[in-house]
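Peer 1: Pasting a structure below so you can have a look.
The values are calculated or read from the model by the stated rules, or taken from the named source; none is laboratory data. Fair warning: this is a prediction, and the values are worked out from it, not measured in the lab. Glycine also receives a Cβ, built like all others from the backbone with ideal geometry; neighbour counts cover every protein chain displayed.
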Amino acid sequence: MVRYIEEAVKKVRRGELDAVTTCPINKKAINVAGYPFAGHTELLAHLVQAPSVAMMFLGSRWKVVLVTTHLPLKEVSKWITQDRIFLKIRLTAEGLRKYFKIPHPKIAVLGLNPHCGEEGLLGEEEEREIIPAIRDARSRGLEVEGPFPADSFFDLSGQKIFDVVIAMYHDQGLIPIKIFDFKDSVNFTLGLPFIRTSVSHGTAYDIAGKGLADPNNLVKAISMAANLSKLNRNY
């Protein structure tokens, strides 16, 4: 699995490919093989020495970027820092301008705790880390609002006014995406020197060889990579 990824990176960096679409990998298997990465995104960042990357999930209703990715839930709060949140906001703004041609992206930021911490009663991360990151981003001219309570933000009866949502952790951002676009959502990596898309599901070894797998998500990921390449190709 890792060798496929390494070869693809070599080809895209030599200009033989315009983009890369990855199929799912088994994270435990690559770790047992001696590659200490939590998934594709971290491995790709290592191969190209990218200083920072972010996972963006593209659905029909929302674009969602994750501040933290593949972490045990008990570890998430340790990684919710002002610098990390601001970095993800900046990467998101740059990616929307470059790849999606949105000159002034409107960015929503979710809180971590229930009711955004209730002014510290239910958690301090909002006051200590998230709000300062939002202020920092605004001071640099970015259109950022929040933090918003995650349990009510994705209510589709409200008016959609944001181009993208910054979620604090994996399931917070991916549950709403997968509820509405389980077969159609695509994972796009921000911060790499090339276009990379991926499916938003796992390996599903339990149905391998049974003729049950649905290729629709992979088709969507390949199509997204092709379309982004066309939009961003220098003629």
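Peer 1: Could you please let me know if His40 is surrounded by fewer than 18 Cβ atoms within 10 Å (Cβ to Cβ), within 29 Å of Pro147 (Cβ to Cβ) and out of contact with any Leu (no Cβ under 8 Å at 6 or more places or on another chain)?
Peer 2: On the way: surrounded by fewer than 18 Cβ atoms within 10 Å (Cβ to Cβ): no; within 29 Å of Pro147 (Cβ to Cβ): yes; out of contact with any Leu (no Cβ under 8 Å at 6 or more places or on another chain): yes.
So His40 fails the test.
Peer 1: Next question, about the same structure. Can you find a residue in the stretch 120-137 that is modelled with pLDDT under 95, within 19 Å of the chain's Cα centre (by Cα) and not β-branched (Val, Ile, Thr)?
Peer 2: no
Peer 1: Would you pick out the residues in the stretch 129-170 that are touching a residue at least 24 places away in the same chain (Cβ under 8 Å) and assigned to a helix (DSSP H, G or I)?
Peer 2: Glu129, Ile130, Pro132, Ala133, Ile134, Asp136, Ala137, Ala150, Asp151, Phe153, His170
Peer 1: With the structure loaded, tell me whether Ala38 is in contact (Cβ under 8 Å) with a residue 12 or more places away in the chain, not in a helix (DSSP H, G or I) and not assigned by TED's automatic domain parsing to the domain that holds Val164 or whether it fails that test. Working first, answer last.
Peer 2: Numbers: in contact (Cβ under 8 Å) with a residue 12 or more places away in the chain: yes; not in a helix (DSSP H, G or I): yes; not assigned by TED's automatic domain parsing to the domain that holds Val164: yes.
Yes; evaluated as a whole, the condition is true for this residue.
Peer 1: Might you let me know whether the stretch 217-225 holds any residue that is within 27 Å of Leu87 (Cβ to Cβ), in the same structural domain as Lys63 (by TED's automatic domain parsing) and out of contact with any Gly (no Cβ under 6 Å at 6 or more places or on another chain)?
Peer 2: As a first pass, look at the stretch 217-225 and keep what is within 27 Å of Leu87 (Cβ to Cβ): 221, 224-225.
Subsequent filtering for residues that are in the same structural domain as Lys63 (by TED's automatic domain parsing) retains none.
No: zero hits.
Peer 1: Across the stretch 109-118, what is the total count of residues that are surrounded by fewer than 21 Cβ atoms within 10 Å (Cβ to Cβ) and touching a residue at least 24 places away in the same chain (Cβ under 8 Å)? Break it down into steps so the answer makes sense when it comes.
Peer 2: Filtering the stretch 109-118 down to residues surrounded by fewer than 21 Cβ atoms within 10 Å (Cβ to Cβ) leaves 114-115, 118.
Those left that are additionally touching a residue at least 24 places away in the same chain (Cβ under 8 Å): 114-115.
Counting residues in the stretch 109-118 that are surrounded by fewer than 21 Cβ atoms within 10 Å (Cβ to Cβ) and touching a residue at least 24 places away in the same chain (Cβ under 8 Å) gives 2.
Peer 1: Taking the condition under 19 Å from Phe154 (Cβ atoms) and assigned by TED's automatic domain parsing to the domain that holds Phe162, does Leu73 pass? Steps first, answer last, please.
Peer 2: Values: under 19 Å from Phe154 (Cβ atoms): no; assigned by TED's automatic domain parsing to the domain that holds Phe162: yes.
For Leu73, the condition - under 19 Å from Phe154 (Cβ atoms) and assigned by TED's automatic domain parsing to the domain that holds Phe162 - is not met.
Peer 1: Would you tally the residues in the stretch 5-19 being surrounded by 11 or more Cβ atoms within 10 Å (Cβ to Cβ) and in a helix (DSSP H, G or I)?
Peer 2: Start the filter on the stretch 5-19 by keeping residues that are surrounded by 11 or more Cβ atoms within 10 Å (Cβ to Cβ), which leaves 5-6, 8-13, 17-19.
Of the ones still in play, those that are also in a helix (DSSP H, G or I) are 5-6, 8-13.
Final tally of qualifying residues: 8.
Peer 1: Would you pick out the residues in the stretch 69-101 that are β-branched (Val, Ile, Thr), surrounded by fewer than 22 Cβ atoms within 10 Å (Cβ to Cβ) and either out of contact with any Ser or Thr (no Cβ under 8 Å at 6 or more places or on another chain) or in a strand (DSSP E or B) (or both)?
Peer 2: If we filter the stretch 69-101 for residues that are β-branched (Val, Ile, Thr), which is where we start, we get 69, 76, 80-81, 85, 89, 92.
From what's left, surrounded by fewer than 22 Cβ atoms within 10 Å (Cβ to Cβ): 69, 76, 81.
Of everything in the stretch 69-101, just one residue is β-branched (Val, Ile, Thr), surrounded by fewer than 22 Cβ atoms within 10 Å (Cβ to Cβ) and either out of contact with any Ser or Thr (no Cβ under 8 Å at 6 or more places or on another chain) or in a strand (DSSP E or B) (or both), namely Thr81.
Peer 1: Those residues that are surrounded by fewer than 16 Cβ atoms within 10 Å (Cβ to Cβ) and in contact (Cβ under 8 Å) with a residue 40 or more places away in the chain, I need them from the stretch 20-35; list them, please.
Peer 2: Passing the criteria: Cys23, Asn26.
Peer 1: Restricting to the stretch 118-157, count the residues that are in contact with a helix residue (DSSP H, G or I) (Cβ under 9 Å, 6 or more places away or on another chain) and among the small types (Gly, Ala, Ser).
Peer 2: Of the residues in that region, 6 qualify.
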